Amino acid sequence: MGSTCCSKALNGLIVLLIVAGNVKAAAPLGVVDGLFDSKQPRTLGLGKLTFTESVLYQATKTTYRFCHHPNLVQRGDEVWCMWSNGRVGEDEPGQRILFSKAAVANLSEWSRPQQLATDPAGHGACVASGWIVAGRRLVALYTVTGGTNFDPRTALFAREARASGGWTKPRRLVPGFFIAGPVRMPGGDLLLSGEHVGDARKTGRMALYRTSAKDGLSGWTRCPISPSDLKVFGYTEPAPYVREDGVVVCPFRNYSGSLYASESRDSGRSWSVPVVTNFPDSLARHATGRLPGGNVFLINNSSAKRLDRSILTIALSRDGRQFDRAAVIKNEETKVRFEGKHKLAGWQYPHAIVVGDELLVAYSVNKEDVRLARIPLAALKALK
C-alpha cells in the first residue's frame, strides 16, 4: 500500500514537471486587447498628440543626405543630440557622427551641426550610439564598423567632451554594433545593449554588457542571454527600461510582427529567455523610459506590417507590464527625396528623454532628416 502511494505520488510529480516544462513563460510586457486597431492603418484607431516640432538637420542636394540613429541626453542646462550622417545611403564608408545642442531654456534654437567622429581608416561607417553623463562629464559613444555592420572588427568607441572644447582621442570599449546609449540601473551601474558581431552571432544575437564605472570608459562585462530561436532575430535593437519594482525589462526588434521581451531581476546581470509579446512592431528601433509619476512609455512604429514606418506612436503603462493607453506622434505621409541604400519613408528610430515638463522625442524622417518633438507631459497624463 505504501509503495503504491509513493509510486502514484512520483508519477504525479513527473507529470507536473512535464507540464510545467511545456508552459510558456509569461511575456514581460503586453498591450490590452484592442489598443491598436490594425484595420485603421493610418491612425490605428488612436488620437493624435499636439506638440512643437523642430528640425535639427534637413538634407539637401548639396549636403550629406542620410541621417539616422538620433540619441538625446541632458547635461546640466543643455540638451545634446547626436546622429549618424552619411553621403546618401545607410552605413556606407565615410558615414560620420554629427551633434547639435540647445539650451534647456530655449529648445527651439539648436546649434549648427558639428562633426563628432569619423572612421580614420576610411573603410567603415560610424554609427551614433548615445551618451553617458557622469556629473559634469559628457561621454559620446559611437560604433565603427569593420566594413560591414557584423564584421568581427566592429566595435564601440568613446570620446569625452573637453572643458576647453573639442573631444578626447577615440577609445575602444567593447566589440559589437550599438545604436543607443546605456541605461543607468538602480544603484548606478550602466547597462549597454546592442548586437553581437563576428563568430558570436553563431550562438547569439543581442549583446548586453554592464559596468560599475560611472563614466562607462572601463569595466564592461558581458551579461548572459540566450534567445531560443536565432532565426527570428536579425537586428534586435534592445531598449531596456526599469520598472518601479526594480525589474529590468528589455524589448527586442524581430521578424515576428510583435516585440519580443526579456526581463532581469538582478539589475541586468542575467536574463530570462526572450519570449514573444502581443505588442505590434514593424521591425524598427523603439524607445522606452519612465515619466515623472512612474508611467513607462514605449515609442515605436506599432504597425505589424514589416518595415511600415508611416506611423509613430507612444504607449503608456502604469506598471511597466500592461500598456493600456496610446496616441499617435507622427503619421503624415512622407516620401524619400534622395534614393539610397536601405532608404525607407516614414518616421523612425525614435529616442526620448524627459526634460522639464516635456518629453523630447528625436526621430529620423525617411532616413534623411532629423526632427525633434516636444510633447507636453500634461498631454500624456490626459491620455485615457
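The values are calculated or read from the model by the stated rules, or taken from the named source; none is laboratory data. The model shown is predicted, which means the values in this text are computed figures rather than measured ones. Neighbour counts run over all protein chains shown; Cβ positions are idealised from the backbone, glycine included.
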statement: Result of the Cβ filter at 7 Å on segment 132-149, keeping first residues that are in contact (Cβ under 8 Å) with a residue 40 or more places away in the chain and partners that are among the aliphatic types (A, V, I, L, M) and in a loop (DSSP other than H, G, I, E, B), at least 6 apart or interchain, is 139/217; 145/125
- prompt: Only one of these conditions is not met by residue 375: (1) farther than 30 Å from residue 89 by Cα; (2) assigned to a loop (DSSP other than H, G, I, E, B). Which number is it?
  reply: (2)
- request: Being surrounded by 20 or more Cβ atoms within 10 Å (Cβ to Cβ) and of a type in the set (A, V, I, L, M, F, W, C) is the filter here, so list the residues in segment 183-212 that pass it.
  value: 183, 185, 190, 191, 192, 197, 206, 207, 208
field: Residue count, segment 118-149 (criterion: touching a Lys or Arg at 6+ places or on another chain (Cβ under 6 Å), in a loop (DSSP other than H, G, I, E, B) and of a type outside the set (Ser, Thr, Tyr))
entry: 1
message: So if I check each of 124, 86, which one is crowded, with 17+ Cβ neighbours inside 10 Å and at pLDDT below 95?
response: 124
message: Going through 257, 246 one at a time, which residue ends up being at positive phi, among the small types (Gly, Ala, Ser) and in contact (Cβ under 8 Å) with a residue 60 or more places away in the chain?
response: 246
field: Within segment 326-374, tally of residues that are buried (at least 22 other Cβ atoms within 10 Å of the Cβ) and of a type in the set (Val, Ile, Thr)
entry: 4
message: Could you tell me how many of the residues in segment 31-76 are within 19 Å of residue 351 (Cβ to Cβ), under 22 Å from the mean Cα position of the chain (by Cα) and in a strand (DSSP E or B)?
response: 15
field: All positions within segment 77-102 that are in a strand (DSSP E or B) and within 17 Å of residue 354 (Cβ to Cβ)
entry: 78, 79, 80, 81, 102
statement: Scanning segment 73-99 for residues that are of a type in the set (Gly, Ala, Ser) and under 23 Å from residue 145 (Cβ atoms) gives 84, 86, 89, 94
statement: Listed by first then second residue, the pairs whose first member lies in segment 214-234 and is assigned to a strand (DSSP E or B), whose partner is not small (Gly, Ala, Ser), with beta carbons under 6 Å and at least 6 positions apart or on separate chains, are 221/210; 222/209; 223/208; 223/210; 223/269
task: List every residue pair whose Cβ atoms sit under 7 Å apart, with the two residues 6 or more apart in sequence or on different chains, where the first one lies in segment 63-85 and is of a type in the set (Lys, Arg) and the second, anywhere, is buried (at least 24 other Cβ atoms within 10 Å of the Cβ) and at pLDDT 95 or above.
output: 65/368
- prompt: What number of residues within segment 147-182 satisfy the criterion of being basic (Lys, Arg) and surrounded by 15 or more Cβ atoms within 10 Å (Cβ to Cβ)?
  reply: 2
